[in-house]
1. For region 7-36, name all the residues that are assigned to a loop (DSSP other than H, G, I, E, B) and in contact (Cβ under 8 Å) with a residue 40 or more places away in the chain.
2. Kindly check whether there is at least one residue in region 37-58 that is more than 18 Å from Thr3 (Cβ to Cβ) and assigned to a helix (DSSP H, G or I).
3. Of the residues in region 80-94, how many are of a type in the set (Val, Ile, Thr) and part of a loop (DSSP other than H, G, I, E, B)?
4. Which pairs do you get when a residue that is within 15 Å of Gly212 (Cα to Cα), found in region 164-179, comes within reach of a residue that is acidic (Asp, Glu) and at pLDDT 95 or above, reach meaning Cβ atoms under 6 angstrom, with the pair 6+ apart or on two chains?
5. Given the options Glu143, Glu158, Glu183, Glu127, name the one that is over 18 Å from Thr92 (Cα atoms), surrounded by 13 or more Cβ atoms within 10 Å (Cβ to Cβ) and more than 14 Å from the chain's Cα centre (by Cα).
6. Being of a type in the set (Asp, Glu), outside any helix (DSSP H, G or I) and touching a His at 6+ places or on another chain (Cβ under 8 Å) narrows it down to one of Glu127, Glu136, so name that one.
7. Exactly one of these conditions fails for Thr146: (1) closer than 13 Å to Asp109 by Cα; (2) touching a Lys or Arg at 6+ places or on another chain (Cβ under 7 Å); (3) in contact (Cβ under 8 Å) with a residue 40 or more places away in the chain; (4) of a type in the set (S, T, N, Q). Give me its number.
8. Filter region 94-124 for residues that are of a type in the set (Gly, Ala, Ser) and closer than 11 Å to Leu68 by Cβ; which is surrounded by the fewest Cβ atoms within 10 Å (Cβ to Cβ)?
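The values are calculated or read from the model by the stated rules, or taken from the named source; none is laboratory data. Note that this is a predicted model, so its numbers are computed, not measured. Methodologically, a virtual Cβ is constructed for each residue, glycine included, from the backbone with ideal geometry; neighbour enumeration extends over all protein chains shown.
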Amino acid sequence: MNTHATPEQLKQNLQAVQDEIAQSAFKAGRQPSDVRLVAVSKYVDYPVCKALIEQGAQELGESRPQLLVSKAKAALADNLAVKWHQIGHLQTNKVRDVLPYAALIHSVDSIRLLDAISENLEKHFPEKPYQDILLEVNYEQEENKTGLDPDALFGVMEYALSLPRIRVCGLMTMGALGSSPEEARKTFAAVRQLRDKLQETFNTPLSELSMGMSHDFHEAILEGATMVRVGSRLFE
């Protein structure tokens, strides 16, 4: 991975990924605008993030809360228009730091974390009407991954809907560790079906599916992903 890619390299890589997203969307009978690219910037320092934004990236994803905060502050100082996504595991003691900057938290995986988000909004951010979140699903129930088991999902969803300043927008998942794109596609299909069942059960719209990374985002789009999280492909 080239963590010092030039602006021209970043521009070419970004365009190539966007073109592939469009092709996969058309193949799925969807419009390219139906799928958003979240550029995963955890691999690179802020100057490369800045260059990527200047080349057209509109949404960036960070795994570590402290890096999201520092990069978001720098982008604000540079008057850059960009949305930040918290895509990695979020500890409850980091919630207060992230809330002013995260447009979307992808990795909500417990009632405890829901409570921390809700309580911090009430105590510290009265000006922020709500926080958009996704519930993270560990569909394959891998021990080395965070995320909700499918059988716990419905209880956590019900609880989230009881919190007035939490807005559940959909689900996030990853393919199993070491899985092929074809194997990951089965997971993506199953999580889409879970999303559909949640919508029906709770009579609430869940428009977002954050699925697919650099090696399997094509399969994720075919199974309904509305956001793909691509990092390494952008920094080749």
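1. Scanning region 7-36 gives Ala28, Arg30, Val35.
2. Within region 37-58, none of the residues are more than 18 Å from Thr3 (Cβ to Cβ) and assigned to a helix (DSSP H, G or I).
3. Of the residues in region 80-94, 2 are of a type in the set (Val, Ile, Thr) and part of a loop (DSSP other than H, G, I, E, B).
4. Hits for this filter: Gly170/Glu208; Met172/Glu136; Gly175/Asp216.
5. Of Glu143, Glu158, Glu183, Glu127, the one residue that is over 18 Å from Thr92 (Cα atoms), surrounded by 13 or more Cβ atoms within 10 Å (Cβ to Cβ) and more than 14 Å from the chain's Cα centre (by Cα) is Glu183.
6. Only one candidate qualifies: Glu136.
7. (2)
8. Ala103
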